[in-house]
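To keep things clear, I will list the structure first and then write my remarks on it.
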Amino acid sequence: MPDWCRRGETFHRALRHRQRDSLQIGYERYLKHGQAFKMRNYIEELPPQVYLPLKYLDEVKSAPQGKLSFPYFSRCQRYWLTAKTLGAAELSRNDEWLGITIGVTQTSMAAAHALRASWPWWTRWLARYVFPPVKKVLADRARAAEILRPILEERLLAQNQLFYAMAAIHSSTAILLSILYDLIDERHEHAKADLVGEIEQVHKEFGSWSRQAASKLVKLDSFMKESQRIHYVGHARVTRAAQVPFTFNDGLHLPKGTMIQLLHSGFQQDPDFFEDPETFDPWRFLEKRQEGDPNRFQFASLSEAETTFGAGFHACPKRNYATDIIKLVLVHLLTNYDIKYDSDTQRRPPQMAHDSATLPSLATSILYREKVSRVQSSKSV
């Protein structure tokens, strides 16, 4: 048993807790040198899980979706359809459906016996057009599909909406909370004062908040991006599943079903990508924008070293909208409230980590109150 297993902890449980260390070792030993590595898949045992170096990003982004796509398309769809068909309460009250399901065994078996008894094998392809028992089976199947279609479409729509809500609410909320933790960290007090000044200046210029006004909050955008660089939500990005056997240009071969990911956390802390990567520099990306293309290095930007919102076909389509929402929530909080940690140490708590997931602490209490200037203004009105 390894010496880093805690008392009463199994080897596999300890290994999950050490996932972050294992991933970092994999990054330093393999990914930085252009080699992929495989790890145990804790989510699903069957398909292997492979972490790819950044040199494969362009090929992953441009690969047809029929070759590399989300696991949803490769494993889950057939199970969902079966579960919905068997579990549809609406069908139990449909007499026509009940008649079809009760009779399907008899009609199918009768058609099969009659076909074998009276039709030579080389003529059976005609039976679907002229042989009544076979035509009856096919007609029942077509009618069953018509009955099922609206039910499945309705449930699939609900499933999609729940999936979108999970993707939008969970991730955006986690990112927002993570940025807020950095904003109220005592080490960033000067940066917070600069941000409040920027907010006041932009609001004075535009008079109200809009997407155009939010785009002028360049310091806040830089702070948000630096916060996510250091305190990222999740180690991995650009998750795909090989729909078919897939071979990269350099010969790396993925068997069908292989899960692939890019280790986002590795290059966010790599000095080859970022100078002094362990230091929180709130204006790091603002300076990069000023030195080069002002449209690059934004919170929602996509590039080789910017995969917070994914890459390629499956990059988050609403990343700019999510950015504006996060900005406006932070503007509201910074403008109207004094916020601090409910502890003697006014510093950000450690991230929660489990397997390849990392999240801001959910057990941390914060205190907030309306700003004195806001309270006095409300009383005067």
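The values are calculated or read from the model by the stated rules, or taken from the named source; none is laboratory data. Note that the structure is a prediction, hence the values are computed from the model and not measured. Cβ coordinates were reconstructed from backbone atoms using ideal geometry, including for glycine residues, and neighbour counts include every protein chain displayed.
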**Study point:** Yes/no for residue 181 being within 17 Å of residue 298 (Cβ to Cβ) and among the hydroxyl-bearing types (Ser, Thr, Tyr)
**Key:** no
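For every residue, the table says whether it meets (1) assigned to a loop (DSSP other than H, G, I, E, B); (2) touching a strand residue (DSSP E or B) at 6+ places or on another chain (Cβ under 9 Å); (3) modelled with pLDDT under 60; (4) in the same structural domain as residue 311 (by TED's automatic domain parsing).
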position	(1), (2), (3), (4)
27	no, yes, no, yes
41	yes, yes, no, yes
46	yes, no, no, yes
55	no, no, no, yes
60	no, yes, no, yes
73	no, yes, yes, yes
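Answer yes or no: is there a residue in region 289-297 that is closer than 19 Å to residue 217 by Cα, in contact (Cβ under 8 Å) with a residue 12 or more places away in the chain and not basic (Lys, Arg).
Yes - at least one qualifying residue is present in region 289-297.
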Study note, to complete from the structure: Scanning region 207-220 residue by residue, those part of a helix (DSSP H, G or I) and exposed (fewer than 12 other Cβ atoms within 10 Å of the Cβ) turn out to be 212
Review point. Regarding residue 269, is this residue over 15 Å from the mean Cα position of the chain (by Cα) and under 20 Å from residue 57 (Cα atoms)?
Key: yes
**Study point:** Residue ranges of helices (runs of 4 or more DSSP H) in region 258-346 with at least 1 members at pLDDT 80 or above and surrounded by fewer than 20 Cβ atoms within 10 Å (Cβ to Cβ)
**Key:** 284-291, 319-336
Study note, to complete from the structure: Counting only helices (runs of 4 or more DSSP H) wholly inside region 126-206, the ones holding at least 2 residues that are surrounded by fewer than 14 Cβ atoms within 10 Å (Cβ to Cβ) are 127-130, 132-165, 189-206
Practice item. Would you be able to tell me the number of residues in region 303-340 that are touching a strand residue (DSSP E or B) at 6+ places or on another chain (Cβ under 9 Å) and farther than 16 Å from residue 62 by Cα? Key: 8
Point to revise | Near pairs, Cβ below 6 angstrom, 6+ apart or cross-chain, from region 214-235 (farther than 21 Å from residue 353 by Cα) to any residue that is among the aromatic types (Phe, Trp, Tyr) and part of a helix (DSSP H, G or I) | key: 222/285
Exercise for review: Being out of contact with any Lys or Arg (no Cβ under 9 Å at 6 or more places or on another chain) and farther than 30 Å from residue 151 by Cβ is the filter here, so list the residues in region 97-130 that pass it.
Suggested key: 113, 114, 117, 118, 119, 120, 121, 122, 123, 125, 126, 130
